Amino acid sequence: MSKHELARIFNELGLLLEIKGENPFKAGAYYKAARTVENLDEDLDDLIQEDRLAAIPGFGKAIVQKILEWKATGTIQYYEELKEALPSGLLDLLRVPGLGPRKIATLYSALKITGLEMLERACQENLLLNLPGFGAKTQAKICAGIEFLKEHRHSFLWAEGIERALRIREHLAAHPQVEEVGIAGDLRRFLPVGNRIDLVVAAQDPHSVRAFCSSPAFRQSLGLNAEGRDPEINMLSFELTGGLKVGLTIVDPDTFPTALLFLTGSAEHTAALQQIAKEKGFTLHSGALQKGQEAILCRDEAEIYQKLGLSYIPPELRENRGEIEAAAAGHLPQLVTADDLQGIFHVHTTASDGVSSLRELVEASIAAGFKYLGIADHSRSAFYAHGLGSEALVRQWAEIDQLNKEYPNFTIFKGIEADILPSGELDYDPETLAKFDFVIGSIHSQFRMTESEMTSRILKAMDNPFLTMLGHPTGRILLERPAYAVDLEAVLDKAARTGVIIEFNANPYRLDLDWQWCRRAKEKGVLIAINPDAHSTGELDLVRSGILFARKGWLTAQDVFNTKTEKEVQDHFRRRRKL
DNA sequence: GCCGTTTTCGGCCCGACTGTTTTCAGTCG
């Protein structure tokens with residue numbers, strides 16, 4: 001019964017209403033309610049208790065009533081009825097790029113298409129060509145979109161996967177025989193997009209735990225189906241509704257460390273470990289580390305590494321990209337931690353499209369122990385996000401000055417997320433840009449330039465002395481939109497030369513710059529800022545989860561801009577402008 | 001469905017882009 005669940009329902013309600021052809025603004029009211037619920041700073045229960053729901057902007061009579069109904073019954077009748085009236089597959093169609101509610105309504109009414117498979121067949125038979133509003137290009141785009149979706153059918157974002165995995169772990173841990181449950185695989189290695197949820201369960205009596213996991217009650221409570229099993233390795237395989245694959249491996253507590261190591265992977269990493277084991281006269285497999293016939297019991301993974309002559313390698317580095325050699329030489333990087341962070345950049349307020357006020361964000365940052373906060377609302381070209389015009393800027397700067405006085409031990413930097421226009425210009429004139437402490441430049445339009453055009457556009461922006469940081473450098477939206485074409489080598493080289501900081505955008509849908517490029521940036525001596533791109537106080541915390549993915553890119557505190565002190569940050573801003 | 005008023009209806013962030021049209025609908029950010 002989390003607020004995320006309620007937000008999901010409201011969002012789906014909006015979509016269903018649009019597909020049904022209802023007033024789009026009515027749908028919009030539900031989208032807004034979904035966003036509001038998701039970003040609530042206060043506890044929903046408190047708001048209900050104190051009868052304050054109706055005071056929240058966007059919550060009218062109908063929405064309040066539905067929230068109360070959901071709290072009381074776990075569902076919303078209106079939502080259930082709508083779902084009943086429309087085939088569930090229609091919502092899947094929304095994932096196809098270029099398909100929105102109206103086109104889906106046409107596909108449903110004209111061709112009775114209710115799901116991806118039917119849509120694919122209709123495309124193959126050229127049935128879309130003659131529908132109103134459709135044509136050859138639309139059909140081709142839909143085909144390509146379906147292909148992309150099929151390819152990523154079992155893929156999931158880390159944030160989604162970990163939520164599911166934690167729920168399964170909680171269920172397993174409640175079993176009396178279970179001693180330990182480890183989340184392994186792609187999730188433990190912090191891959192931004194995973195393909196399977198792996199859990200390792202240590203139990204004194206694996207047989208009884210396996211029976212428990214096979215029971216309909218266990219599966220139903222977690223939405224698991226399509227069970228398979230491999231008795232050799234005690235592995236059960238499931239598929240979650242929506243296509244996510246889950247593997248549960250149930251082992252004796254003695255073999256838990258080796259099983260966890262192997263199921264964490266990567267396959268390349270464990271294969272390399274096996275090779276080292278062999279060279280040292282051991283054999284290593286998921287059941288044990290052995291010397292001849294004798295099993296060598298290890299308390300934990302660290303002891304396995306130690307027996308192999310290696311320092312402990314954190315899971316996020318286990319990709320066989322040099323980490324084993326580094327561990328053998330004792331040169332593993334001292335990875336950045338959440339404790340190293342001093343402050344946060346790239347935060348939106350209610351002045352543009354955020355939902356928390358400047359004051360709320362400042363107070364939340366102070367409460368979280370940060371020393372500074374870099375505000376960066378959208379620039380004037382971003383109409384859809386209420387980009388700030390000159391008057392709004394003056395107002396915000398005055399408010400920042402006031403808050404800086406009020407909180408003398410905390411610094412609020414005046415910043416902006418300025419659109420990098422197609423020409424490579426930033427979205428304000430130099431006089432305005434000069435008044436900011438820092439400027440993040442981001443691409444929000446014209447994604448489809450050629451690589452050379454896009455690269456020139458970005459390099460030109462980086463030549464602007466007022467540009468401090470490059471925001472979400474590839475524009476990718478994971479599992480939705482690929483990165484735009486850009487020569488990142490050239491961008492990173494330029495960053496190294498000019499001192500432009502490259503953003504690591506910690507939004508779970510972006511995680512952009514990708515970890516592999518983070519490492520490249522580090523090698524070139526480029527500074528990375530781990531930014532939450534927060535639109536609410538709740539999202540400030542994304543900076544901490546972002547750390548986990550930045551670590552995968554081998555980043556240390558020295559590589560991360562927002563581990564610097566307020567004074568060092570000030571100095572960097574000034575130096576950059578004098579270039 | 002929400003909201004605010006010169007309150008109980010009429011507007012709701014809005015422009016770019018695409019592909020379909022031949023003046024615009026739908027999607028996207």
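The values are calculated or read from the model by the stated rules, or taken from the named source; none is laboratory data. It should be emphasised that the depicted structure is a prediction, and the values quoted were computed from it without experimental measurement. Backbone-built Cβ (ideal geometry, glycine too); neighbour counts: all protein chains shown.
With in contact (Cβ under 8 Å) with a residue 60 or more places away in the chain and more than 16 Å from A:F345 (Cα to Cα) as the only criterion, which of A:R497, A:R574, A:R544, A:R481 stands out?
A:R481
Would you list the helices (runs of 4 or more DSSP H) that sit entirely within the stretch A:322-420 and hold 2 or more residues that are touching a helix residue (DSSP H, G or I) at 6+ places or on another chain (Cβ under 7 Å) and outside the structural domain of A:L555 (by TED's automatic domain parsing)?
A:323-328
Taking the stretch A:421-464 on its own, how many of its residues are out of contact with any strand residue (DSSP E or B) (no Cβ under 8 Å at 6 or more places or on another chain) and either assigned to a helix (DSSP H, G or I) or surrounded by 23 or more Cβ atoms within 10 Å (Cβ to Cβ) (or both)?
Final tally of qualifying residues: 12.
Is it true that some residue in the stretch A:23-36 is more than 8 Å from DNA strand B (Cβ to nearest atom), outside the structural domain of A:S536 (by TED's automatic domain parsing) and in a loop (DSSP other than H, G, I, E, B)?
No, the stretch A:23-36 has no match at all.
Report the residue count in the stretch A:373-403 for those that are touching a Gly at 6+ places or on another chain (Cβ under 8 Å) and surrounded by fewer than 20 Cβ atoms within 10 Å (Cβ to Cβ).
Adding up the residues that qualify gives 2.
Quick one: in the stretch A:93-119, of everything that is buried (at least 18 other Cβ atoms within 10 Å of the Cβ) and of a type outside the set (A, V, I, L, M, F, W, C), which residue is farthest from DNA strand B (Cβ to nearest atom)?
A:T114
Only one residue in A:D437, A:D429 is assigned by TED's automatic domain parsing to the domain that holds A:A485 and touching a Lys or Arg at 6+ places or on another chain (Cβ under 6 Å). Which one?
Being assigned by TED's automatic domain parsing to the domain that holds A:A485 and touching a Lys or Arg at 6+ places or on another chain (Cβ under 6 Å) holds for just one of A:D437, A:D429, which is A:D437.
Please find, among A:I67, A:I63, A:I142, the residue that is within 11 Å of DNA strand B (Cβ to nearest atom), crowded, with 17+ Cβ neighbours inside 10 Å and closer than 16 Å to A:L17 by Cβ.
Being within 11 Å of DNA strand B (Cβ to nearest atom), crowded, with 17+ Cβ neighbours inside 10 Å and closer than 16 Å to A:L17 by Cβ holds for just one of A:I67, A:I63, A:I142, which is A:I63.
State which residue is farthest from A:T350 (Cα to Cα) when the search covers only the stretch A:46-60 and only residues that are surrounded by fewer than 11 Cβ atoms within 10 Å (Cβ to Cβ) and more than 13 Å from DNA strand B (Cβ to nearest atom).
Applying the filter and picking the extreme gives A:Q49.
Could you check the stretch A:145-171 and list, in sequence order, the residues that are among the β-branched types (V, I, T) and either without any contact (Cβ under 8 Å) to a residue 60 or more places away in the chain or within 13 Å of DNA strand B (Cβ to nearest atom) (or both)?
Selection gives A:I146, A:I162.
Out of the residues in the stretch A:519-573 that are in a loop (DSSP other than H, G, I, E, B) and small (G, A, S), which is farthest from A:R318 (Cα to Cα)?
Among those that are in a loop (DSSP other than H, G, I, E, B) and small (G, A, S), it is A:S536.
Suppose the filter is modelled with pLDDT of 95 or more, assigned by TED's automatic domain parsing to the domain that holds A:Q342, buried (at least 24 other Cβ atoms within 10 Å of the Cβ) and touching a Phe, Trp or Tyr at 6+ places or on another chain (Cβ under 9 Å); does A:K522 pass it?
no
Of all residues in the stretch A:72-92 being surrounded by fewer than 16 Cβ atoms within 10 Å (Cβ to Cβ) and β-branched (V, I, T), which is nearest to A:G133 (Cα to Cα)?
A:T75
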